[in-house]
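Colleague: Pasting a structure below so you can have a look.
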Amino acid sequence: LNELIAEGVRGRYILVRSDLNVPLDGSTVTDDGRIKASLPVLKKLSDAGARVLVTAHLGRPKGAPEDKYSLKPAVDRLAELADFKVQLAADTVGGSAKEHAAALQDGEVLVLENVRFDARETSKDDAERGAFADELVALTGSNGAYVDDAFGAVHRKHASVYDVATRLPSYLGDLVHTEVEVLRKLTTDTQRPYVVVLGGSKVSDKLAVIDNLLGKADTILVGGGMLFTFLAAAGHKVAGSLLEEDQIPVVQDYLKRAADAGTSFVIPTDVVVASRFAADAEHEVVKADAIEESAFGASGIGLDIGPESASAFAAQIEGAKTVFWNGPMGVFEFEAFASGTRAIAQALTDTVAFTVVGGGDSAAAVRTLGFEDSQFGHISTGGGASLEYLEGKELPGLSVLDR
Ligand code: 3PG
């Protein structure tokens with residue numbers, strides 16, 4: 001980025017991909033970590049007199065505008081934090097975006113509405129994505145440039161991440177730079193034992209990464225939504241809990257290969273089962289192999305790991321030299337189901353290991369539960385992105401800049 005600033009950006013349209021994919025409660029941003037992390041690059045460009053066009057996504061809309069996925073709450077928060085003018089266009093590449101872009105003054109920032117409101121953003125078809133990228137690039141006029149500062153999205157081969165970089169002079173944002181520097185520490189010369197804690201709700205995304213962690217991590221602690229697929233793979237009934245049945249053979253294969261690869265899995269031995277998915281649901285702790293025997297029978301839903309599992313996980317973390325944690329252990333947003341996640345956060349703050357917390361949900365969890373960022377080695381803004389980096393996969397948003 002400094003190189004671009006040195007070239008001179010005053011009056012130029014600079015397209016910046018930021019990760020403003022923040023958790024919301026209605027229209028309230030419940031964790032503004034990603035917004036704060038995006039601010040420095042926008043400020044640097046604004047201070048240097050650029051006309052900044054920001055692209056970002058929120059959630060996973062289905063390629064058409066949906067009010068609940070508008071970037072408005074995120075942009076309102078950004079505007080509160082910024083000491084420069086920030087506006088939101090009502091669309092991404094339509095009349096509003098064009099009109100606001102044309103009226104933009106030096107040092108001002110215009111955020112384009114959720115890029116995923118256009119189906120071409122995430123299309124698998126290169127030509128479709130390319131056409132959308134052309135429209136984004138057209139907003140920058142004849143002397144534009146692109147800055148990728150959305151570490152959380154570098155693993156996505158999407159138009160606003162990948163294709164725009166093939167069309168404009170492109171630069172690495174400071175946030176992406178810092179994230180890569182820290183995560184590199186986990187891949188080169190990793191201090192062992194290396195413990196990976198996996199949880200969260202994007203079950204198939206998380207299951208896919210395990211393949212590449214076999215042999216790299218010494219121990220994988222399994223919590224969150226995917227733990228039920230592990231229990232089912234071990235032959236247990238999981239009642240109404242989140243289960244991806246088609247992934248059971250995949251998990252069975254992991255369990256079979258783990259020992260040869262030198263990786264061991266620790267799977268919960270107890271879980272908190274609730275009568276329904278609600279903050280005030282009745283709940284009880286049961287053995288992981290007896291979920292259907294809870295008071296709620298076949299309709300019980302597992303919403304957290306149990307205390308015995310939390311202690312076993314904490315013991316693993318205590319003995320580690322490096323810990324990477326991605327994904328809450330349970331539905332931490334409901335206090336009754338936050339204990340597992342709290343125990344893991346506490347264990348990470350207590351251990352002498354180098355600790356990295358990855359992902360929007362995990363970062364939100366530790367902050368919501370009252371922990372400070374400074375209690376951890378590093379809190380990454382990237383969830384899937386940090387996992388894929390650690391797996392050693394090629395990340396389209398980075399490789400396109402290398403080229
Ligand atoms: C994230 O939340 O990890 C990033 O913002 C990417 O979001 P996605 O998983 O919906 O692509």
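Colleague: Pairs needed: first member in region 235-253, hydroxyl-bearing (Ser, Thr, Tyr); second member anywhere, buried (at least 16 other Cβ atoms within 10 Å of the Cβ) and at pLDDT 95 or above; C-beta distance under 7 Å; at least 6 residues apart or different chains.
Modeller: Every condition considered, the pairs that remain are 241/228; 241/291; 241/301; 241/302.
Colleague: Then there's this: Filter region 378-396 down to residues that are buried (at least 17 other Cβ atoms within 10 Å of the Cβ) and out of contact with any helix residue (DSSP H, G or I) (no Cβ under 8 Å at 6 or more places or on another chain), then give me how many there are.
Modeller: Total meeting the criteria: 1.
Colleague: Can you pull out every residue in region 188-212 that is among the small types (Gly, Ala, Ser) and under 13 Å from residue 386 (Cβ atoms)?
Modeller: Within region 188-212, just 200 meets the criteria.
Colleague: Still on this structure, please answer the following. Does region 40-53 contain any residue that is within 20 Å of residue 363 (Cα to Cα), touching a residue at least 12 places away in the same chain (Cβ under 8 Å) and not acidic (Asp, Glu)?
Modeller: yes
Colleague: Inside region 218-328, counting only helices (runs of 4 or more DSSP H) that do not spill past its ends, which hold 1 or more residues that are basic (Lys, Arg)?
Modeller: Counting at least 1 such residues, we get 248-261.
Colleague: If only one of 190, 219, 229, 178 is in contact with a helix residue (DSSP H, G or I) (Cβ under 9 Å, 6 or more places away or on another chain) and surrounded by fewer than 19 Cβ atoms within 10 Å (Cβ to Cβ), which one is it?
Modeller: Going through 190, 219, 229, 178 in turn, the sole match is 178.
Per-residue answers, yes or no, for (1) at pLDDT 95 or above; (2) in contact with a Ser or Thr (Cβ under 9 Å, 6 or more places away or on another chain); (3) acidic (Asp, Glu):
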| position | (1), (2), (3) |
| --- | --- |
| 233 | yes, no, no |
| 237 | yes, no, no |
| 240 | yes, yes, no |
| 244 | no, yes, yes |
| 247 | no, yes, no |
| 259 | no, no, no |
| 264 | yes, yes, no |
| 267 | yes, yes, no |
| 270 | yes, yes, yes |
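Colleague: Given the options 89, 74, name the one that is in contact with a His (Cβ under 8 Å, 6 or more places away or on another chain), assigned by TED's automatic domain parsing to the domain that holds residue 137 and either surrounded by 15 or more Cβ atoms within 10 Å (Cβ to Cβ) or not β-branched (Val, Ile, Thr) (or both).
Modeller: 89
Colleague: Give me a count of the residues in region 200-224 that are within 16 Å of the ligand (Cβ to nearest atom) and polar (S, T, N, Q).
Modeller: The total comes to 2.
Colleague: Still on this structure, please answer the following. Run residue 136 past the list (1) assigned by TED's automatic domain parsing to the domain that holds residue 361; (2) surrounded by 21 or more Cβ atoms within 10 Å (Cβ to Cβ); (3) away from the ligand (no atom under 16 Å from the Cβ); (4) not aromatic (Phe, Trp, Tyr) and report the number of the one that doesn't hold.
Modeller: (1)
Colleague: In addition: Do we have residue 274 as out of contact with any strand residue (DSSP E or B) (no Cβ under 6 Å at 6 or more places or on another chain), among the small types (Gly, Ala, Ser) and surrounded by 15 or more Cβ atoms within 10 Å (Cβ to Cβ) here?
Modeller: When the stated conditions are applied, residue 274 does not pass them.
Colleague: Moving on. Which numbered condition trips up residue 359, out of (1) under 30 Å from residue 273 (Cα atoms); (2) within 16 Å of the ligand (Cβ to nearest atom); (3) modelled with pLDDT of 90 or more?
Modeller: (3)
Colleague: Of all residues in region 106-133, how many are assigned to a helix (DSSP H, G or I) and crowded, with 20+ Cβ neighbours inside 10 Å?
Modeller: Number satisfying all stated conditions: 9.
Colleague: Would you mind finding the one in 197, 147, 164 that is assigned to a strand (DSSP E or B), within 25 Å of residue 116 (Cα to Cα) and away from the ligand (no atom under 16 Å from the Cβ)?
Modeller: None of the other options fit; the residue is 147.
Colleague: Further question: Among the residues of region 352-403, what is the count of those that are part of a helix (DSSP H, G or I), under 21 Å from residue 315 (Cβ atoms) and not polar (S, T, N, Q)?
Modeller: Adding up the residues that qualify gives 2.
The values are calculated or read from the model by the stated rules, or taken from the named source; none is laboratory data. Being a predicted model, the structure only gives us computed values, none of them experimental. Note that we place each Cβ from the backbone using ideal geometry, even for glycine, and neighbour counts take in every protein chain shown.
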